[in-house]
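The values are calculated or read from the model by the stated rules, or taken from the named source; none is laboratory data. Model, not experiment: these values are computed from the prediction. Cβ placement follows ideal geometry from the backbone for every residue including glycine, while neighbour counts extend to all protein chains displayed.
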């Protein structure tokens, strides 16, 4: 009986969903090659040099994380603080793990964040990363840079996959409430007139639900990381609508999940796939794209 209820509920969501629209730009991409945080395996993550390198490597989408500063600027950062793995302070010393969460970006102005370098410290997990002095950029500057760079190189327009980094327990501590968070990101997207090339992704369904109600034509990606006692169907019911994309951790992808997504017209784009063997397996299984720290591997995936 429970499975029957889930099936009926999902069918209703699928029929009534306004957000499950794939626009013309999306339709031109047969397989979405996304560069995770730009190209974290090769360049400092979530920086303009990383995004330019990813464009050079032929990605179709730049994947990134967006957080909010004290003065309501959207900057690109995976954590809402300065991570000890990547950060050098103004005096040349490295941030350590004990102090990183005290360096709360939501409590800093954008100008204050420029004191911190995020490109010179050797990364313990990505030894191939090219080192350079670089800071966390604003979303508006990333977009301006990427748009100018693709035009300079006579390349097709790039897509942007932007993640909100929020949790209910850290509202008003590391980030604003979901509605304000989404509106701040959307103000930049509207200013730059790239609505048709943007995906908003999140583990936090609250930001996706707000986006769906307020901006139903913006594509959404529902992120998933194990473990979870809830199955795919139950998670969709909790979300309350059919997202454009389901984006799970790649080891959770199965032929059954691929079939479920195709039946609901949901694109399936797993993360973070950093070896060619698994990329090939997933593509053969029928996923619609891949998110990788090493977009240089995509040329061997053809």
Subset of region 116-130 (residues that are assigned to a loop (DSSP other than H, G, I, E, B) and either surrounded by 14 or more Cβ atoms within 10 Å (Cβ to Cβ) or within 19 Å of the chain's Cα centre (by Cα) (or both)): 116, 118, 119, 120, 121, 123, 126, 129
Looking at 133, 151, 190, 213, which one is in a loop (DSSP other than H, G, I, E, B) and surrounded by fewer than 21 Cβ atoms within 10 Å (Cβ to Cβ)? 133
Every residue in region 40-60 that is farther than 30 Å from residue 178 by Cβ, touching a helix residue (DSSP H, G or I) at 6+ places or on another chain (Cβ under 7 Å) and assigned to a loop (DSSP other than H, G, I, E, B), please. 42, 43, 57, 58
Unmet criterion (only one of (1) touching a strand residue (DSSP E or B) at 6+ places or on another chain (Cβ under 8 Å); (2) modelled with pLDDT under 95; (3) more than 25 Å from residue 283 (Cα to Cα)) for residue 230: (1)
In region 68-104, which residues are within 23 Å of residue 128 (Cβ to Cβ) and either in contact (Cβ under 8 Å) with a residue 60 or more places away in the chain or surrounded by 21 or more Cβ atoms within 10 Å (Cβ to Cβ) (or both)? 76, 77, 78, 79, 82, 86, 87, 95
Within region 61-84, the residues that are closer than 23 Å to residue 271 by Cα and either at pLDDT below 95 or not in a loop (DSSP other than H, G, I, E, B) (or both) are 61, 62, 63, 64, 65, 66, 67, 75, 76, 81
Is there a residue in region 100-110 that is in contact with a strand residue (DSSP E or B) (Cβ under 9 Å, 6 or more places away or on another chain) and part of a loop (DSSP other than H, G, I, E, B)? yes
Which is within 19 Å of the chain's Cα centre (by Cα) and over 18 Å from residue 60 (Cβ atoms), of 273, 287, 253, 229? 253
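To keep it simple, each residue is scored yes or no on (1) buried (at least 19 other Cβ atoms within 10 Å of the Cβ); (2) at pLDDT 95 or above; (3) assigned to a helix (DSSP H, G or I).
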| position | (1), (2), (3) |
| --- | --- |
| 247 | yes, yes, no |
| 251 | no, yes, yes |
| 265 | no, yes, no |
| 277 | no, yes, yes |
| 297 | yes, yes, yes |
Within region 193-202, can you find the residues that are farther than 20 Å from residue 242 by Cβ and surrounded by 14 or more Cβ atoms within 10 Å (Cβ to Cβ)? 194, 197
Residue 162 meets each of (1) farther than 18 Å from residue 48 by Cβ; (2) surrounded by 14 or more Cβ atoms within 10 Å (Cβ to Cβ) with one exception, condition (1)
If residue 234 satisfies every condition in (1) farther than 29 Å from residue 82 by Cβ; (2) in contact with a helix residue (DSSP H, G or I) (Cβ under 8 Å, 6 or more places away or on another chain); (3) not in a helix (DSSP H, G or I) but one, which is the exception? (3)
